[in-house]
Amino acid sequence: MDRRYSRRAFGKLALAGLPASWALANVPLAAAAKINSRIKGVQIGSITYSFRTIPSADDIIKAYVTIGLGEMELMSNHAESLAGAPAQATGGGRGRGPLTPEQEAARAAAAKALHDWRGSASEATFRPVRRKIEAAGIDLPLLCYNMNVRNTKDDEIEYAFMMAKWLGVKAISTSTQVSMAKRLAPFADKHKMMVGFHGHANTTDTDEVAKPESFEAVMAASKYHGANLDIGHYTEAGYDPVAFIEQHHARITNLHLKDKKKAANGGGNTPWGRGDTPIAAVLKLLQKNKWDIPANVEFEYEGDPLVEVPKCLQYCKEALA
């Protein structure tokens, strides 16, 4: 980190009302040493999705350095951006009206360019991504590659596992459906790569990973299938993440930390400490049992991640003090 802007100085800039992006622009990409965000034995990190409002993946790495996050769960779109993938077309979508014929054509052309780029990708494409992240002092154990049973083809599943191997990660996390577990199983078995199924709070759809039995169903499909337990969603769905971790800790690839209200209390994301999620109890459970499960901040409530994610990290420090 550029010593002109220490973490304390960065906080003062934010408190003074200066844009966090101003300080971020002055942070070099490489850090002098490995960032240590293991707090009293518990590895705290973040998924890059927390910084989705930052357009540049390089600037997301800088945010980790500035905040002091030493462990990264890398979203596949950010991995591809860092690797030089062609940009995707924008325009249209929810709340923006239908696409024009020109936008449709641009989107189709961009999708073909990405497909062709993926087809030519190799270890040489993604190894520099890992080196860049590690040069910034950040550990990279996880790739998040989301899949959908309705439109993710087998060649893309194979690509996801190859990307994970090229990046040198230990596991893949994915938001997908229960029915995708059987399709993923032969790929996980072939590559001997753990897949953590991310849960949500939709308990009415039997194909959603949400209930304890849906997690058990996906884990039954392969010994390499596990859980990326989102303790906020699991709480909102009406279940106890502490009990789940106690029972399934050996099959958990990582946790997502967020605070949500139980559905019975209205549901939804809240700043940490205002919802029903037992974040502190979960962190203390990991600490007590010395379970080496990455606990990753997934920032989803309103606000600037460069201001709010440091608050989440501080919450973890105080919980584990």
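The values are calculated or read from the model by the stated rules, or taken from the named source; none is laboratory data. What you see is a predicted model; the values in this text were computed from it and never measured. Methodologically, a virtual Cβ is constructed for each residue, glycine included, from the backbone with ideal geometry; neighbour enumeration extends over all protein chains shown. Keep in mind that these areas ignore ligands, DNA and RNA; they rest on the heavy atoms of the full protein, side chains included. Shrake-Rupley method; radii C 1.70, N 1.55, O 1.52, S 1.80 Å.
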Taking the options I61, I54, name whichever one is part of a loop (DSSP other than H, G, I, E, B), at pLDDT 95 or above and open to solvent by less than 40 Å² (accessible area, probe 1.4 Å). I54
Those residues of the stretch 281-321 which are free of Cβ contacts under 8 Å to residues at least 40 places away in the same chain, closer than 24 Å to G196 by Cβ and open to solvent by 60 Å² or more (accessible area, probe 1.4 Å), in sequence order: K284, K288
The stretch 296-317, residues that are assigned to a helix (DSSP H, G or I), in contact with a Leu (Cβ under 8 Å, 6 or more places away or on another chain) and under 11 Å from W272 (Cβ atoms): V309, C312, L313, C316
Single residue of the stretch 64-91 satisfying the filter (touching a Lys or Arg at 6+ places or on another chain (Cβ under 9 Å) and part of a loop (DSSP other than H, G, I, E, B)) that is modelled with the lowest pLDDT: G91
